[in-house]
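Worksheet: the structure to be examined is printed underneath.
The values are calculated or read from the model by the stated rules, or taken from the named source; none is laboratory data. Only a predicted model underlies this, so the values are computations on that prediction, with no experimental measurement involved. Glycine also receives a Cβ, built like all others from the backbone with ideal geometry; neighbour counts cover every protein chain displayed. The accessibility values were calculated without ligands, DNA or RNA, using every heavy atom of the protein model including side chains. Shrake-Rupley method; radii C 1.70, N 1.55, O 1.52, S 1.80 Å.
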Amino acid sequence: MMQILLLATVRFLLHTVFFHRSICISLNDAFEGSFSLGYEVDLFPGADGGAAIVVRWGAPGNYRLLVYDGGTPAAAEQLVKHVREHCLTSHADHVVIPHPRRKHAGGLEVVLDQLSIGEVWMHRPWAHTDRLSEATTVARQLEELALAREIPVHEPFAGTVIGPFTVLSPSRSWYVEGLLPAFEAALPPATGLTLADAARWIRLASAAVGSRWDVETLPRDPATSAEDESSVVLYGEFEGRGVLLTSNAGVRALSDACTFAEYLGLGLPSNLRLMQVPNDGNPDHLSSRVLDRLMGERLPRDQRHYTKTAFMSAARDAAPMGYTIVADALMRRGVLSFQTQGPQLHHAHEMPQRHWLPAGPVGAGA
C-alpha cells in the first residue's frame with residue numbers, strides 16, 4: 001500500500017491541489033461518471049532541475065499524448081512509467097525538444113527507446129549554420145536516433161501547429177539570424193537579479209506579508225542566454241482553458257510569444273489556466289511587464305481571486321529566494337504557484353480522478 005502524505009488544502013473556484021508522495025502534486029477539476037474532452041499535464045522534475053512533461057488530451061478510448069522536454073534520464077524513466085501505468089499506452093503522438101542542453105534533452109533518449117513516437121519536433125542548428133556549439137551535441141544525437149527509428153523530424157517555429165498546441169516563439173528569422181550566432185556568448189555583467197535586488201527582497205521577506213504583496217521584486221534588468229531564448233514556447237487551449245509550456249524561455253522570448261498570441265487573437269490573460277514557470281522558477285527569466293501580458297495586471301491584495309496555476313521545478317538544493325520572488329509576483333496576478341524539488345506535479349481538467357490528497361502553494365500568505 002502506497003504511503004500518502006497530506007500537506008495542506010487550498011480551494012479556489014473549482015480547483016483543488018493534491019499530493020501523493022510517489023506521483024505527487026495534482027490540480028484537478030476531475031469528475032466521475034461522465035466524460036467530455038479533457039486534458040492533463042504531468043511534470044517529472046530532475047534532481048538538478050529541469051523537467052520532463054507529458055500532456056494527455058481527448059476522451060476515454062481516444063486519448064493523445066505529447067511529450068515536452070525530456071529532463072534527466074531519471075525524470076524520463078518516471079515519465080515512461082507513468083505513460084504505461086496511468087495512460088495505459090506505450091505511444092506518444094508528439095515529442096517536442098524545446099531546449100538543446102542536456103538537463104532538458106538528456107532524458108529523451110529514454111523516451112525514444114522505450115515508447116513508440118509519431119513525430120519529433122526540434123530545432124536543427126546544423127541546417128542553418130556551420131558554427132555549432134556544445135549545446136547542439138545532444139540535439140544532433142537525438143535527431144540521429146529518431147531518424148534511425150524512422151520517426152519524422154520537424155522544426156518548430158512560431159506558427160507551427162503541434163496537436164492542440166501552437167508554437168509562439170521563436171520565429172524562424174530570430175532563431176537563424178539572432179539566436180544561433182549568439183550561442184555560447186557570455187551575458188553582459190550586472191544583468192539579472194543583482195545583490196541589491198536580493199537585499200531588497202530579504203528586507204521585505206522579514207517584514208509583514210503585506211509588504212511583500214505591495215512591492216514587486218523581480219529583477220529590473222533581466223537577461224538570459226541565446227540558448228535559453230531559443231526555447232520552444234507552446235500554447236494550447238482545451239475548450240477555452242489555456243496551457244503554456246515555456247522550458248527556459250526568457251523575457252524576449254516570452255514577450256514575442258505574447259505579441260504573436262495577440263496577433264492570433266489568443267486571449268492569454270483571460271484563458272490561461274496553467275503556466276510552466278521558465279527555468280526552474282529563476283526570476284531572471286521574467287519581468288513585471290511580461291507577467292502583466294501573460295496573466296493580467298496586478299490585483300490589490302483585498303481583491304485577490306485565484307483562477308490560474310503555475311508549476312515550477314527546482315533542484316533539490318535550490319535556495320528558495322528565487323522561486324519565492326516569482327511565486328509572489330504570480331500571486332499578485334491571481335496565480336497560485338506549486339513548486340517541487342522531487343515529486344511529480346499533476347494538473348487536469350475533466351479527466352478521471354486519481355484520488356490524491358491536497359497540498360499547498362508557494363508564496364506570500366499562501
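Wrap a convex hull around the Cα atoms of the stretch 230-303, take a quarter of its surface area, and give that in square nanometres.
Approximately 5.3 nm², given one-decimal rounding.
Please give, to one decimal in nm, the separation of the simple spin-label points placed at D130 and R172, each 7 Å out from Cα toward the Cβ.
2.3
Give me the one-decimal nm value for the distance between modelled label points at E119 and H91, 7 Å along each residue's Cα-to-Cβ direction.
1.6
Rank these residues by their accessible area, most exposed first, probe 1.4 Å: E143, E297, E77.
Ranked list, largest accessible area first: E297, E77, E143.
What do you reckon, how do F44, F260 stack up by accessible area (1.4 Å probe), largest on top?
On the way: F44 0, F260 50 Å².
Largest accessible area first, the residues go F260, F44.
If you stretched the chain out fully between R241 and E109, how much longer would it get, using 0.36 nm times the residue separation minus the C-alpha to C-alpha distance?
The span from R241 to E109 would gain 44.4 nm if fully extended.
Using a basic spin-label model with each label point 7 Å from the Cα along Cα→Cβ, how many nm lie between R304 and E155?
The answer from the label model is 4.5 nm.
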